[in-house]
Amino acid sequence: MITGLVLLASGAAAGVFGSLLGLGGGVLIVPLLTLGFGLPLRESVSVSLVSVIVTSSAGASVYLRKHVANLRLGMVLELFSASGALVGGLIAFMLSEQVLAGLFTVLLLWMALSMLRRSDRPAAAPSDAASAPDDPPARPSFTDTLAGPGYRVHRLPLGMAGSTLAGLVSALLGVGGGIIKVPAMHVAMGVPLKVATATSNMMIGITATSSAVIYLLRGQIDPFVAGPTAVGVFAGATLGSRIAHRVDTRLLRWLFVAVLLYTAFEMAQKALGR
Amino acid sequence: MSGAPLASLSAVAATAARLETIAARLLTWGTRVALLFVLAGVIGMATSGIDPMAAGAFPPYSLTAIPGQLAALRPEGFIWAGLTVLVSLPLGRVIVSGAGFLAAHDRRLALVSVLVLLVICASVVAAISLEG
């Protein structure tokens, strides 16, 4: 019973942190379950995918209601992220725990680097200029129909490639893949950052479902671990979104970078079999 | 510039906005229902003294066994029911959106919805065949 409560509290902590830092929480849950509770990495990934679906569904409902997420663009890109997740979900069963731990170490280091770069960046990203609206086209193409208020979509193939990669990474490592999708949409496709974040959040649900189904039907999801973790993540993410405006995220970001680097070190040890 | 393409783009945007509202409602209520089931299962775990980290195999997932587990008030039944609803939610969103795009004669987006569902079906088939 105590362990169930600890799982719930850990999920809540991951949810609060994830929400404050704009992450799905998967990148925190997998190391937490693997290093903190000693669960096999593949089982941690499966539990994390369930939590990712919780945060995506809860977040997407708000973003869609407020019309921040771009449903049309998201549906086109999620076809590619779901395909990537299908492949990743199958590959995950062929890779050893050590290889998965090695890949997770790379992901953690990449995220730490991204967080550091984000903290150095001024409030308005220079690439936001790329999303300035152009003149409406005389004969709209398919890509033109994916545009939103005040912006057009560019370089759709790049977004498709990024989404496929995000799906692959999501299924292999139990994360949402927003770390790939958001830059792909914002930087490569010229979608405003707020819309890219909201659309990525919506897409994550389908991406995680593609691989979660594989884990579920192959008996890799432990209901007694997934249940408390999912409830905790939801409660934490809800709390995080309510206190976000009161918290100094710069300090939190530095703390998070330190946690990521420490976790990367521990994961690397696991990858090396130590 | 002709008015027709602009009108068609605004019609596309209006359809998308309507579908976004419907999808939002589905996700809101679906998440609530799913989490209520999971929460009931977690409370059941606590009252039954189940230790999630105890050694031994955990109860396997079986869609057909869930009604029986629910009737017997077994915690895993509630959690599996919640997780089933949860995993179905993004699919429900795609089905609702696809039907809406089809009704609005937006065949390309309706086709995209069908393809997304086919990828999920492929995941199910792959999981079952690998299991066998």
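The values are calculated or read from the model by the stated rules, or taken from the named source; none is laboratory data. These numbers were taken from a predicted model, which means no experiment stands behind them. Here the Cβ positions follow ideal geometry from the backbone for every residue, glycine too, while neighbour counts run over all protein chains shown.
I'm trying to understand the selection: among the residues of the range A:152-182, which are in a loop (DSSP other than H, G, I, E, B), of a type in the set (A, V, I, L, M) and over 27 Å from A:ILE29 (Cα atoms)? Can you show your working first?
Start the filter on the range A:152-182 by keeping residues that are in a loop (DSSP other than H, G, I, E, B), which leaves A:152-155, A:174-177.
Within this subset, residues satisfying the condition of being of a type in the set (A, V, I, L, M) are A:153, A:175.
Within the range A:152-182, just A:VAL153 meets the criteria.
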Contact list, first residue from the range A:212-236 and facing chain B (nearest Cβ under 7 Å), second anywhere and among the β-branched types (Val, Ile, Thr) and not in a helix (DSSP H, G or I), beta-carbon distance below 8 Å, six or more apart or interchain, is A:ALA212/A:ILE221; A:PHE224/B:ILE50
Within the range A:231-274, of all residues that are under 21 Å from A:GLY11 (Cβ atoms) and aromatic (Phe, Trp, Tyr), the one surrounded by the most Cβ atoms within 10 Å (Cβ to Cβ) is A:PHE234
Residues of the range A:8-43 being within 14 Å of chain B (Cβ to nearest Cβ) and part of a loop (DSSP other than H, G, I, E, B), in sequence order, are A:GLY24, A:PHE37, A:GLY38, A:LEU39, A:PRO40
Checked the range B:44-68 for anything in a helix (DSSP H, G or I), more than 21 Å from the chain's Cα centre (by Cα) and surrounded by 15 or more Cβ atoms within 10 Å (Cβ to Cβ); matches are B:GLY44, B:MET45, B:ALA46
Restricted to the range A:193-227 and to residues being more than 20 Å from A:VAL27 (Cβ to Cβ) and aliphatic (A, V, I, L, M), the residue surrounded by the most Cβ atoms within 10 Å (Cβ to Cβ) is A:ILE214
Residue count, the range B:98-112, condition at pLDDT 90 or above and crowded, with 23+ Cβ neighbours inside 10 Å, comes to 1
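Select from the range A:244-255 the residues that are part of a helix (DSSP H, G or I) and closer than 12 Å to A:LEU21 by Cα and list them in ascending order. Quick ask: steps written out before the conclusion?
Step one: filter the range A:244-255 for residues part of a helix (DSSP H, G or I), giving A:244-246, A:249-255.
Correct list: A:ALA244, A:HIS245, A:THR249, A:ARG250, A:LEU251, A:LEU252, A:ARG253, A:TRP254, A:LEU255.
Scanning the range B:31-59 for residues that are more than 7 Å from every other protein chain (Cβ to nearest Cβ) and small (Gly, Ala, Ser), which turns out nearest to A:SER56 (Cα to Cα)? Let's see the steps before the verdict.
Taking the range B:31-59 as the starting set, the residues that turn out to be more than 7 Å from every other protein chain (Cβ to nearest Cβ) are B:32-34, B:36-37, B:40, B:43-44, B:47-48, B:54-57.
Going one step further and asking which of them are small (Gly, Ala, Ser), we end up with B:34, B:40, B:44, B:48, B:54-57.
Working: B:ALA34: 13, B:ALA40: 21, B:GLY44: 26, B:SER48: 31, B:ALA54: 30, B:ALA55: 31, B:GLY56: 31, B:ALA57: 29 Å.
This residue is B:ALA34.
Only one of B:VAL94, B:VAL85 is at pLDDT 90 or above, under 26 Å from A:MET75 (Cα atoms) and either more than 9 Å from chain A (Cβ to nearest Cβ) or in a loop (DSSP other than H, G, I, E, B) (or both); which?
The unique qualifying residue is B:VAL85.
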A careful count of residues in the range A:23-36 that are touching a residue at least 40 places away in the same chain (Cβ under 8 Å) and more than 18 Å from A:VAL169 (Cα to Cα) gives 2
- Looking only at the range B:100-123, decide whether some residue is more than 7 Å from chain A (Cβ to nearest Cβ), at negative phi and among the polar types (S, T, N, Q). no
With the structure loaded, tell me whether A:LEU5 is part of a helix (DSSP H, G or I) and within 22 Å of A:ARG253 (Cα to Cα) or whether it fails that test. no
From the option list B:SER88, B:SER97, B:SER113, single residue qualifying as touching a residue at least 12 places away in the same chain (Cβ under 8 Å), under 19 Å from A:SER56 (Cβ atoms) and touching a Leu at 6+ places or on another chain (Cβ under 7 Å) is B:SER97
Going through the range A:44-102 in order, the residues found to be assigned to a helix (DSSP H, G or I), more than 23 Å from B:THR84 (Cα to Cα), more than 10 Å from every other protein chain (Cβ to nearest Cβ) and of a type outside the set (A, V, I, L, M) are A:GLU97, A:GLN98, A:GLY102
Taking the range A:67-78 and keeping residues aliphatic (A, V, I, L, M) and buried (at least 24 other Cβ atoms within 10 Å of the Cβ) leaves A:ALA69, A:LEU71, A:LEU73, A:MET75, A:VAL76, A:LEU77
